[in-house]
Amino acid sequence: MSQTHSVHGAESGGLSSLLLVVVFCFFWIGLEPFPNPNASGLLTAYGTSSNVVNQIIVITLAGLVFGAIAQHPARGLLLRSFGPLAVILCWLLFTSLFSEVPATAFRRIVYAMLVCLCASSVLLLPRDTDQFGKLLGACVLTAVLLAFLGVFALPQRAIHQGSDALEHQLAGAWRGHFGHKNVAAAAMVFAVFFGLFFMKTRVFWQGALIVICATVFLLNSGGKTSAAMLPAILAVAWIFERIGPFRAPFLLICLAMMNYLLLSAAVSRETQDLLVSWGIDPTFTDRASVWRLALDAIAERPWLGHGFQSFWQMEGLVNGEVADSSWAVTAANAHNGYLDQVINGGFPLLFLMIVWLVILPCRHAGLAFKRAQHPDLVRLFMRCWLFMLFLSCLESPFFDNRGPVWFTMLISVFGLRMLAYGNLTATRYAGAPTRIQPAL
């Protein structure tokens, strides 16, 4: 092996590692940690200058990661994983032609696809699974410790305040650099899963530190849904791993039952009374009002929807007749990822999303466990993926391209597929094209 080849291999590996860290930290930390919650640019969901900057950054990162993997031996595996997503993209483009603002919908669709490219490509940037774990461990630990640093050094930015222009009722809840306590809570659940993975496969103390810190932060964030789901998902994941061919029916039935119970609470007095008898708030912190509005919107356009991200906070909704009778018109989303997909592209989009995000990952997880090459990594991706599927019954993370939640789910979904079908691939960094190493 020549010295030139060795130097080139080291440089390539170093640049790819740096790019992985940059992409991960962009979604988990962002460009401006601990922003002023009362800044005018943060009071609207879209169209601010900060979002324009984010779009430019994502376009740049997508270009860099695409260039980095262009010569990767497993690039075909990555491209094939975009098959279901390409069908979803075509349907979104078609339905958005009938939206109130087609140009805006098209722009958001392109942005969403670039985020998907970034998340999937991250899995091919490291040299092997060992380096992937090492870099991921450093990034997650940094994000968790940064959130704690904000709580103690910048509490007025890292903790919800009564003086916040939006949601001042959340005063006292920890949010760290994540901007909102619900996002912080979900991120900390992910961090616990990562920490458990590191405890098993890498440095025990580093994983334990992440688990302890993330759990403390989660409990102080006030994210009751995420906190309750953490032990529940660990139990569901244990069952899911062991039921073989019944994985998909088990998961579909659980999701259907949970969504039916939640959504019927918005329209059924009997369900509301049942939940009250169980000691559960039947409005789910007033999500029921939003769900009723979402169900009405679906009834208006059940097959084509209202266009990708073209319903909530739009002028026609905020200033329409419904605004006089319900505060729900000010909601940023449906607080249910499955409802939002029907609003975005009708029931066909919901079907496509279930195939992509539920049925196919069930198959991929089963194949990955059967291959038994990286069971702990499969378990990590499986836990993150399952958590997001159930959290989506109460939140709307699908295609929410800001922050760590959707990005981490994408890594998990693409990761399960790559672990299911990825064989040994030629390493790019050793300077010898014929050398083979296990990789994602």
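The values are calculated or read from the model by the stated rules, or taken from the named source; none is laboratory data. This structure is a prediction, so every number in the text was calculated from the model and none was measured. Cβ sites come from the backbone with ideal geometry, for glycine too, and all protein chains shown count toward neighbours.
Annotations for the structure displayed:
- Residue check for W278: over 19 Å from L349 (Cα atoms) and of a type in the set (F, W, Y): yes
- Matching residues, region 264-284, being within 19 Å of V329 (Cβ to Cβ) and surrounded by 13 or more Cβ atoms within 10 Å (Cβ to Cβ): A266, T283, F284
- Top-ranked residue in region 385-413 [being more than 19 Å from A227 (Cα to Cα) and hydrophobic (A, V, I, L, M, F, W, C); ranked as surrounded by the fewest Cβ atoms within 10 Å (Cβ to Cβ)]: F398
- Residues that are surrounded by fewer than 16 Cβ atoms within 10 Å (Cβ to Cβ) and modelled with pLDDT under 80 within region 51-72 comprise just one, Q71.
- Residue in region 13-31 that is of a type in the set (S, T, N, Q) and either modelled with pLDDT of 90 or more or within 21 Å of the chain's Cα centre (by Cα) (or both) present: no
- Of the residues making up region 217-230, not a single one is of a type in the set (D, E, K, R), part of a helix (DSSP H, G or I) and more than 19 Å from the chain's Cα centre (by Cα).
- Scanning region 102-139 for residues that are of a type in the set (S, T, N, Q) and in contact with a Ser or Thr (Cβ under 8 Å, 6 or more places away or on another chain) yields T104, S120, Q131.
- Helices (runs of 4 or more DSSP H) contained in region 285-358 and holding at least 1 residues of a type in the set (D, E, K, R) and buried (at least 20 other Cβ atoms within 10 Å of the Cβ): 287-300, 337-354
Residue-by-condition table, conditions (1) under 26 Å from V378 (Cβ atoms); (2) among the β-branched types (V, I, T); (3) touching a residue at least 24 places away in the same chain (Cβ under 8 Å):
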{"position": "F204", "(1), (2), (3)": "yes, no, no"}
{"position": "C213", "(1), (2), (3)": "yes, no, yes"}
{"position": "S221", "(1), (2), (3)": "no, no, yes"}
{"position": "S226", "(1), (2), (3)": "yes, no, yes"}
{"position": "L234", "(1), (2), (3)": "yes, no, yes"}
{"position": "I239", "(1), (2), (3)": "yes, yes, no"}
{"position": "D281", "(1), (2), (3)": "no, no, no"}
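Conditions (1) closer than 19 Å to L391 by Cα; (2) within 18 Å of the chain's Cα centre (by Cα), marked per residue:
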{"position": "T330", "(1), (2)": "no, no"}
{"position": "N333", "(1), (2)": "yes, yes"}
{"position": "Y338", "(1), (2)": "yes, yes"}
{"position": "F351", "(1), (2)": "yes, no"}
{"position": "V355", "(1), (2)": "yes, yes"}
{"position": "I359", "(1), (2)": "yes, yes"}
{"position": "R363", "(1), (2)": "no, no"}
{"position": "A372", "(1), (2)": "no, no"}
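- Looking only at region 106-144, and only at residues there that are among the β-branched types (V, I, T) and touching a residue at least 24 places away in the same chain (Cβ under 8 Å), the one that is surrounded by the fewest Cβ atoms within 10 Å (Cβ to Cβ): T142
- All of R371, R363 fail the test of being at pLDDT below 95, surrounded by fewer than 23 Cβ atoms within 10 Å (Cβ to Cβ) and of a type in the set (K, R), apart from R371.
- Output for region 74-101, where each listed residue is surrounded by 16 or more Cβ atoms within 10 Å (Cβ to Cβ), under 14 Å from F308 (Cα atoms) and not β-branched (V, I, T): L89, W91, L92, L93, S96, S99
- Scanning region 147-159 for residues that are more than 11 Å from C213 (Cα to Cα) and assigned to a helix (DSSP H, G or I) gives L149, G150, V151, F152, A153, P155, Q156, R157, A158.
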